[in-house]
């Protein structure tokens with residue numbers, strides 16, 4: 001892999017361009033090297049969005065396929081991580097919306113083990129139900145923010161909204177989650 | 001906002017986002033199952049698998065067109081031109097889109113698949129449709145499910161947005177399936193004034209390939225085979241494919257498969273068929289890596305096998321390979337391999353001065369099809385050139401410098417892939433001119 005010195009005194013920056021070029025030429029190992037650092041978080045974020053490990057795996061597989069076949073559309077190789085994230089978000093959002101239409105959904109993956117504190121387990125279950133009651137847009141926004149730790153600028157680009165509104169949307173999504181949580185808690 | 005609550009939410013989300021190891025392993029494994037890069041056109045992959053599973057799940061029945069909805073525009077669709085689906089009754093493309101198992105509301109053709117958002121402006125981005133191939137669209141009736149097969153409960157159907165539909169887009173014989181597509185503003189006919197979308201070559205701009213017959217319609221009874229390995233004893237065959245879950249009598253969504261083999265002349269014909277399952281109609285359409293082992297009655301001495309879905313594969317370099325006589329000194333053949341998804345077979349050869357092939361810009365890759373389209377394309381910068389007095393198509397991808405030259409020699413389709421860091425356009429054309437058919 002090609003390594004370039006970003007500037008004196010700064011960390012070395014690894015260029016993704018050779019891997020992208022090789023992947024475009026059909027090198028699966030190069031593609032694997034490109035996506036591997038992102039697979040776990042992609043699957044985790046998709047699991048949060050879809051509420052199902054199987055749906056999440058399906059979404060990430062779909063994202064892998066569309067990214068692999070769409071490499072020509074990646075204009076800046078070093079932007080691969082953000083570009084791949086968008087493929088994952090698109091696929092997981094589809095699956096998430098499908099969930100809203102009544103598809104089979106697995107129960108909250110964070111079921112308590114025997115050792116879990118009961119209160120914590122109950123809260124986890126309640127939070128899960130509250131989160132699942134949010135609409136797909138809120139679930140996506142909170143996932144981007146809390147799971148992916150996505151920068152505001154990238155979140156704005158993904159959601160096609162001005163940067164200035166991202167924080168307020170997160171705030172309102174969190175308010176709705178709180179209301180949903182309180183409603184669940186009263187049941 | 002309550003910071004303490006937000007902290008708890010963040011912790012809960014991180015916990016919920018902890019990936020399932022089995023799912024993560026399946027995702028990693030799926031990279032090996034990816035089809036070749038789309039530069040060489042191949043079948044759909046997971047979506048095709050989903051289609052197959054859906055077919056298996058719901059079983060085949062006769063074509064059902066909803067008379068109530070024929071020719072009726074969706075409530076909020078603006079200027080849709082919904083052609084009467086009866087016009088397509090009996091059309092094999094409807095059947096290929098699972099129209100034999102779900103009521104069809106609309107059906108229409110698209111000149112190019114990449115125009116999908118012009119026809120369905122509210123449909124989400126679908127990069128797999130960004131191709132020039134013509135496409136056939138089937139819009140299913142409200143509430144119809146095409147993945148998983150089962151219709152939703154009445155309460156769910158009633159709560160769906162009025163314009164939400166399941167849609168199939170058939171491209172190159174492969175059904176791409178989408179659920180919950182917003183068909184608002186659907187237009188079947190774009191009309192003469194519709195603006196063009198992204199520029200790109202259409203098949204008709206490639207006159208060198210026009211004389212080829214279209215690809216065969218896929219036989220949907222069979223499951224596409226991902227790979228086949230013939231053991232050294234020439235009798236043991238290992239077949240990999242993507243299918244349903246491993247069969248278990250207690251799992252209603254599992255599927256048992258059977259491989260059928262026969263030898264026709266020099267070709268081993270292989271088909272994979274579902275034998276048992278699934279018992280339920282609400283199974284998901286997730287694909288699983290499956291393997292079948294077959295022992296042939298006698299050693300197979302031929303050099304090719306055919307997937308009964310309609311594609312020919314080579315087990316060894318086929319006869320009739322053209323020779324590149326104009327390679328620079330030191331450039332030699334480094335590897336060759338079968339390329340999937342061609343009804344007449346394709347073979348790929350890689351030339352380079354470097355044994356490692358580590359630098360793709362110092363390679364020349366040649367594709368050859370045998371009496372069929374080579375189906376290789378490249379970057380967006382497309383121009384028409386001449387090779388030996390015959391029309392050829394040159395694709396250039398500026399960001400990488402990749403050049404792809406597609407032309408025809410005799411009945412064979414040929415393509416060369418090189419990089420302008422090493423080859424100029426003129427040099428690449430000269431190299432193409434140096435291709436000599438065996439005995440030629």
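FRET efficiency for the residue A:171 to residue A:119 pair, using the beta carbon distance and R₀ = 30 Å, is estimated at 0.65. With a ≥ b ≥ c taken as the square roots of the eigenvalues of the C-alpha gyration tensor of the range B:372-419, please select rounded if a/c is under 1.5 and otherwise prolate if a/b is larger than b/c or oblate if it is not? Prolate shape, in that a/c is at least 1.5 and a/b is the bigger ratio.
For the segment A:51-61, counting C-beta atoms of other chains within 10 Å of every residue's C-beta and taking the mean gives 6.
Potential lengthening of the chain between residue B:22 and residue B:8 amounts to 2.3 nm, from the contour at 0.36 nm per residue minus the alpha-carbon distance. Put a dot 7 Å past the Cα of residue B:424, heading toward its Cβ, do the same for residue B:334, and the two dots end up 2.5 nm apart.
The slack in the chain from residue B:298 to residue B:436, taken as 0.36 nm per residue of separation less the alpha-carbon distance, amounts to 46.0 nm. Peptide A:39-46 is shielded by partner chain Cβ atoms: per residue, an average of 6 of them sit within 10 Å of its Cβ. Taken as Cα centroids, the range B:327-343 and the range A:74-92 sit 31 Å apart, rounded to the nearest whole angstrom.
On the beta carbon distance between residue B:29 and residue B:109, with R0 = 41 Å, the FRET formula returns roughly 0.65.
Just report the Cα centroid separation between the range A:39-64 and the range B:235-256, whole Å. For the range A:39-64 versus the range B:235-256, the Cα centre distance is 24 Å. Beyond 20 Å, what share of the Cα-Cα pairs of the range B:314-440 is found? Please give it as a whole percent. Percent of Cα pairs beyond 20 Å in the range B:314-440: 39.
Relative contact order for the range B:367-440: 28 percent, from Cα pairs under 8 Å spaced at least 6 residues apart, divided by residue count.
Since every read-out is calculated from the coordinates, none of them should be taken as a lab result. All values reported here derive from a predicted model rather than from experimental measurement. Note that each Cβ is placed from the backbone with ideal geometry, even for glycine, and that neighbours are counted across all protein chains shown.
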